[in-house]
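**Q** Before we start, here is the structure in question, set down as structure tokens.
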């Protein structure tokens, strides 16, 4: 986990610009652990992009269907990442692109998925593990490095733990500038000293629609690295 700490320290002093790697969520930053860089979150309307909701576009994370509707899990066929070291069945409609050999992120922050709900963020990655740290500490450090969320911002729930594997939901409230609230699902799986992780997010109103798909995708995260 020293690598995570170094990434966080490095990116605060060295932010990238002029890149086409955009943050899928306007509230936070994405960390690519391969080079220690972070792309600042862009606000709706920058670079000529219209804010969500204009021209009939659904706001990020807002479901088109009844917010209380519970939807069955729908996931894709297995997809491989990181030189076939990881296989995963992603939630319906979600596509990931590898930003580095150890980090992949969603291609669109307005990805339409199960029951027309929107997946606003998804990512997959891995890093060298520190077995001396508890999984709760690893959880907090992973979400901080990958999303920029501090422990005081995040509410954790629905935790399922087994040895060095952990699956847990998290919620982040609306931001000070009106950034939409977030509810997500984080999966951590340690294999041979390496921690693999996946995160999926939506608006809290769409949680009932996406929960089963997020959970199923996390279960279908298979590490093939030997």
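The values are calculated or read from the model by the stated rules, or taken from the named source; none is laboratory data. Since the model is a prediction, treat every value here as computed from it, not as a measurement. Neighbour counts run over all protein chains shown; Cβ positions are idealised from the backbone, glycine included.
**Q** Quick one: count up the residues across the stretch 122-140 that are crowded, with 22+ Cβ neighbours inside 10 Å and out of contact with any helix residue (DSSP H, G or I) (no Cβ under 8 Å at 6 or more places or on another chain).
**A** 5
**Q** Which of the residues belonging to the stretch 181-197 are more than 16 Å from residue 150 (Cβ to Cβ), in a loop (DSSP other than H, G, I, E, B) and at pLDDT 95 or above?
**A** To start, the set of residues in the stretch 181-197 that are more than 16 Å from residue 150 (Cβ to Cβ) comprises 183, 185, 187-197.
From what's left, in a loop (DSSP other than H, G, I, E, B): 192-193.
Once the filter is applied, which keeps residues that are more than 16 Å from residue 150 (Cβ to Cβ), in a loop (DSSP other than H, G, I, E, B) and at pLDDT 95 or above, the stretch 181-197 yields nothing.
**Q** List every residue pair whose Cβ atoms lie under 7 Å apart, where the two residues are 6 or more positions apart in sequence or sit on different chains, the first residue falls within the stretch 91-108 and is in contact (Cβ under 8 Å) with a residue 24 or more places away in the chain and at positive phi, and the second residue, located anywhere, is buried (at least 20 other Cβ atoms within 10 Å of the Cβ) and part of a loop (DSSP other than H, G, I, E, B).
**A** 93/113
**Q** Which residue, of 167, 146, is over 14 Å from residue 91 (Cβ atoms), within 15 Å of the chain's Cα centre (by Cα), surrounded by 19 or more Cβ atoms within 10 Å (Cβ to Cβ) and at pLDDT below 95?
**A** Working: 167 fails: at pLDDT below 95.
None of the others qualify; the one that does is 146.
**Q** Next question, about the same structure. Looking at the stretch 132-174 only, could you name the residues that are free of Cβ contacts under 8 Å to residues at least 12 places away in the same chain and part of a strand (DSSP E or B)?
**A** 158, 159, 160, 162
**Q** Further question: For the stretch 198-226, what are the residues that are free of Cβ contacts under 8 Å to residues at least 60 places away in the same chain and not in a helix (DSSP H, G or I)?
**A** If the condition is that a residue be free of Cβ contacts under 8 Å to residues at least 60 places away in the same chain and not in a helix (DSSP H, G or I), then 226 is the only one that fits.
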